[in-house]
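A short worksheet on the structure shown next.
The values are calculated or read from the model by the stated rules, or taken from the named source; none is laboratory data. All of these numbers come straight from a predicted model, not from anything done at the bench. Cβ placement follows ideal geometry from the backbone for every residue including glycine, while neighbour counts extend to all protein chains displayed. SASA here: full protein model, heavy atoms, side chains in, ligands and nucleic acids out. Shrake-Rupley method; radii C 1.70, N 1.55, O 1.52, S 1.80 Å.
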Amino acid sequence: MSANGTPMLELEGINTYYGQIHILQDENIVVNEGELVCLLGGNASGKSTTLKTILGLVRPRTGTVRLAGEDVTQLPTAHRIKRGLAIVPENRRLFGPMTVLENLEMGAYLRPKADLKAEFERVYELFPLLYERRTQLAGTMSGGEQQMVAMGRALMSQPKMLLMDEPSMGLAPILVEKSFEIIKHVNESGVGMLVVEQNANVSLSIADRGYVLSTGRVVLEGKAADLLQNEELRKAYLGR
Amino acid sequence: MDTFIQLTLNGLTLGSVYALIALGYSLVYGILKLLNFAHGDVFMVGTFIGFGAIQLLGGTVNPIVPVWTLLILITLAAMAGCAVLGVVIERFAYRPLRDAPRIAPLISALGVSFFIAYSMQLLFGSELRNYDTFSLDGGALYLEGFDIGNVRVPMIRIITIVSAFVMMILLWLLVSRTRVGKAMRATSFDREAAAMMGIDIDKVIVFAFVLGSALAGAAGVLFALRIPTYATIGFLIGLKGFTAAVIGGIGSIPGAMAGGLVLGFAESYAQGYISTRWSDLLVFVILILFLVFRPQGILGKADIRKV
Ligand SMILES: Nc1ncnc2c1ncn2[C@@H]1O[C@H](COP(=O)(O)OP(=O)(O)OP(=O)(O)O)[C@@H](O)[C@H]1O
Ligand SMILES: [Mg+2]
C-alpha cells in the first residue's frame, strides 16, 4: 500500500532453464518497497521457478536479480536471505520432526542470537497459537496450523521482501480469508511481498499490482484493480 | 551368572565403540543420503594416529606425560586427524559428485576406502599394532577397577565405556540444543527448505563429516586401547558400525547409539554362548535380515512428513 516507487526486488530479462528446458523466458518483474504484488498463472507456468530464481536455488542462464538495487544474481541463497529475503514455500516445507519452536528458530537462522527473543515475541503476537503449540512437532499439526508456522517461520527473519508460494493452498475458505488478512497486515507493516496465487480474485483484491505468467512469460501486468476488470486475465488462464 | 556378567561387560565395551562409529554413518547418511564406505577406514586411521601419538609421547613403558594426559592427548590427536581426513574425503571424493547419479558417490566411497586402507598398508606394513596399554603404570589400567560378583571390571573398560557415553551425550546435546545442530536436523529432513532458511548446506555437510570422523577417531583409540589394529581393519569394523546404524535406523542419531549397543551385546553373547568363529557371521546375518525385513531399523518410525 505504502508503495513508494523504490524497487525492492527486480527481475530483469530472466531466462531460467531446467537442463535443456527453457522455463522462464525474458521475465521482468518489479516489486517496490512495501508493495504487495501478486504473481498469477496456471499450473506449470513457472511461478515457483520464479521464486526459486529469486532465492538463488536455481540460477538463471541470463538476466539479473536485484535486491534493493544490488545485483545478487551470483550470490548464494544465504547471502540473499541475509539481505532481507524470506519465503513461505509451496507446500510449506516445514521441518516435520522438529518442534514449532525449532521451526521458528530455523527461520531466524541468520539473525543475531541477541535478537531472537524479540523476533519470537513479534511472531507469537501475530500467531498466539504458535506459542501454545511451541513444543508440538510441526509435522503433526493440521494444514491450517502448519500454514501459520510457515508464515511465522518466514517472519522470524524480519524480512524486507517476503515471497509466498500459494499460501492459500489446501486451506478451507474461511482460513484462506484469514491468511490473506494476515498477509495484508504484514504488508502494511512495510514488508514488500510477492505472492504467488492461483486464486486470482482473492489475491488481486488485496494486491497493489499483479503479473500473469503463462508458460514462463509475463503475458499481462498492471494495477490489481485493472487486472480484476480485465477480460484477458480470464483468457490467460484458459490459455495456459 | 559370572559368564553372563562378563559377556554383558564385553558387549557394552564393544557396543559403545560400534555406537560411535554408527553415529558417523548416520550423520552423513542423514544429510547426504550417502553410505560413506570410507568411514571404517577413517576409524582405522584413528587407531594408527593413536598408536603414533603414543610413540611420540615416549611409549607406554616410560611415557613422558602422566597416564591420563597420555590417554587424553592420543584421543584428541586421533579425533583431530580424522576430522581433517573426513573433510578432505568430502571435499575431493564426494562434493564433485554431489549432483551425479547416486551410484557415483557410492563407487567413489568404495574407491576411497581401498585407497586409504592400502596406502596405510604400503606405508606402515600389514603387521598388527598393539598399543600395549598393559605397560602403562605397571598394568594399573587392568588391575584397578571394581567387581561385579566375581567379575572384574577393569579401568581400561570403564574408560572406553564412559568416554563413549560422554561423547554420545555431548553429540546429543549438540544436535538437539545448538543452532548448528538444529540446522543439521533441518537439512537432513529437507535440504532445499533448509537452504531457504539461509542455512549454508555445504557448511552443514562439512560439519557432519567433521563430527562423524572425529567420533570415528575417538572410537579408533578406544578400540585399540585393548585390541591390536592393522591397516585393513576398517573393512570389518566399518561394516559392523554400518550394521549398527542399520539396526537403529540409518540416519537416526539415537538409533545409531541403540544399534551399536544391540550389536555389541549380540556379538558378545554369540561369542560366549555359541562360538567366537560364528560371531562375525552373525553380524552379517543381522545386517541382511534388517535390510530385507526392517530397513527402517528398530527405532524407525512412520514418516511424519505431512502434506
Ligand atoms: N527441478 C526441476 N527439474 C525439471 N523441471 C522442473 C523442475 N521444477 C520444475 N520443473 C518444471 O518447470 C515448469 C514450471 O514449474 P513451476 O513449479 O515453476 O510451475 P508453477 O507455476 O509453480 O506450477 P504450480 O502452480 O503447479 O505450482 C514445469 O513444467 C515443471 O515440470
Ligand atoms: Mg508452484
Open item on the list: Any residue that is under 19 Å from B:SER188 (Cα atoms) and at the interface with chain B (Cβ under 10 Å from one of its Cβ atoms) - is there at least one of those in region A:113-125?
Closed with: no
Open item on the list: Being more than 15 Å from A:PHE95 (Cα to Cα) and of a type in the set (Lys, Arg) is the filter here; which residues of region B:171-206 pass it?
Closed with: B:ARG177, B:LYS203
TODO: Please state which of the following conditions B:ILE227 fails to meet, knowing it meets all the rest: (1) crowded, with 18+ Cβ neighbours inside 10 Å; (2) of a type in the set (Val, Ile, Thr); (3) at pLDDT 90 or above.
DONE: (1)
TODO: Would you mention how many residues in region B:1-30 are β-branched (Val, Ile, Thr) and either open to solvent by 10 Å² or more (accessible area, probe 1.4 Å) or in contact with a strand residue (DSSP E or B) (Cβ under 8 Å, 6 or more places away or on another chain) (or both)?
DONE: 3
Task: Odd one out for B:ASN36, checked against (1) assigned to a helix (DSSP H, G or I); (2) closer than 29 Å to B:ALA100 by Cα - done: (1)
Open item on the list: Tally up the residues in region A:150-165 that are assigned to a loop (DSSP other than H, G, I, E, B) and either within 12 Å of chain B (Cβ to nearest Cβ) or of a type in the set (S, T, N, Q) (or both), please.
Closed with: 4
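Okay, residues lined up against (1) touching a Phe, Trp or Tyr at 6+ places or on another chain (Cβ under 6 Å); (2) within 14 Å of another protein chain (Cβ to nearest Cβ); (3) within 16 Å of ligand 1 (Cβ to nearest atom); (4) in contact (Cβ under 8 Å) with a residue 24 or more places away in the chain:
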position: A:ALA172; (1), (2), (3), (4): no, no, no, yes
position: A:SER189; (1), (2), (3), (4): no, no, no, no
position: A:ILE206; (1), (2), (3), (4): yes, no, no, yes
position: A:THR215; (1), (2), (3), (4): no, no, yes, yes
position: A:LEU220; (1), (2), (3), (4): no, no, yes, no
Open item on the list: Considering only region B:48-66, I want to know if a residue exists there that is within 30 Å of A:PRO97 (Cβ to Cβ) and not in a helix (DSSP H, G or I).
Closed with: no
Task: Every residue from region B:180-215 that is within 7 Å of chain A (Cβ to nearest Cβ) and basic (Lys, Arg) - done: B:LYS182, B:ARG185
Open item on the list: For the condition in contact with a strand residue (DSSP E or B) (Cβ under 9 Å, 6 or more places away or on another chain) and not acidic (Asp, Glu), what is the one hit in B:PHE242, B:PHE223, B:PHE235?
Closed with: B:PHE223
- [ ] Just give me the residues in region A:15-30 being part of a strand (DSSP E or B) and more than 16 Å from ligand 2 (Cβ to nearest atom), in sequence order.
- [x] A:ASN15, A:TYR17, A:HIS22, A:GLN25, A:ASP26, A:ASN28, A:VAL30
Task: Filter result (within 16 Å of ligand 2 (Cβ to nearest atom) and either among the basic types (Lys, Arg) or open to solvent by 10 Å² or more (accessible area, probe 1.4 Å) (or both)) within region A:88-112 - done: A:GLU90, A:ASN91, A:ARG92, A:ARG93
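A quick yes/no check of all residues on (1) more than 16 Å from ligand 2 (Cβ to nearest atom); (2) not β-branched (Val, Ile, Thr):
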residue: A:LEU126; (1), (2): yes, yes
residue: A:LEU130; (1), (2): yes, yes
residue: A:GLY139; (1), (2): yes, yes
residue: A:ARG153; (1), (2): yes, yes
residue: A:MET169; (1), (2): no, yes
residue: A:ILE174; (1), (2): yes, no
Open item on the list: Restricting to region B:102-133, name every residue that is open to solvent by 90 Å² or more (accessible area, probe 1.4 Å), among the hydrophobic types (A, V, I, L, M, F, W, C) and farther than 19 Å from B:ALA53 by Cβ.
Closed with: B:ILE103, B:ILE107, B:PHE114, B:PHE115, B:LEU122
TODO: Could you grab the pairs with beta carbons closer than 7 Å, sequence gap of 6+ or different chains, first residue in region B:137-166 and closer than 18 Å to B:LEU76 by Cα, second one open to solvent by 30 Å² or more (accessible area, probe 1.4 Å)?
DONE: B:ILE156/B:TYR142; B:ILE156/B:ARG226; B:ILE161/B:LEU12
TODO: Considering each residue of region A:187-217, count those that are assigned to a helix (DSSP H, G or I), open to solvent by less than 10 Å² (accessible area, probe 1.4 Å) and of a type outside the set (Gly, Ala, Ser), and give that number.
DONE: 2
TODO: Mind counting the residues in region A:31-62 that are more than 16 Å from ligand 2 (Cβ to nearest atom), assigned to a strand (DSSP E or B) and either within 14 Å of chain B (Cβ to nearest Cβ) or buried (at least 18 other Cβ atoms within 10 Å of the Cβ) (or both)?
DONE: 4
Open item on the list: Would you confirm, using the coordinates I've provided, whether B:GLY220 is under 30 Å from B:TYR131 (Cα atoms), touching a Cys at 6+ places or on another chain (Cβ under 8 Å) and crowded, with 24+ Cβ neighbours inside 10 Å?
Closed with: yes
Open item on the list: Go through region A:63-75 and report how many residues are within 16 Å of ligand 1 (Cβ to nearest atom) and surrounded by fewer than 20 Cβ atoms within 10 Å (Cβ to Cβ).
Closed with: 1
Open item on the list: For region A:68-108, give me the residue count where each residue is closer than 13 Å to A:LYS160 by Cβ, at the interface with chain B (Cβ under 9 Å from one of its Cβ atoms) and without any contact (Cβ under 8 Å) to a residue 60 or more places away in the chain.
Closed with: 2
- [ ] Those residues that are crowded, with 16+ Cβ neighbours inside 10 Å and either facing another protein chain (nearest Cβ under 10 Å) or in a helix (DSSP H, G or I) (or both), I need them from region A:132-149; list them, please.
- [x] A:LEU137, A:ALA138, A:GLY139, A:MET141, A:GLY144, A:GLU145, A:GLN146, A:GLN147, A:MET148, A:VAL149
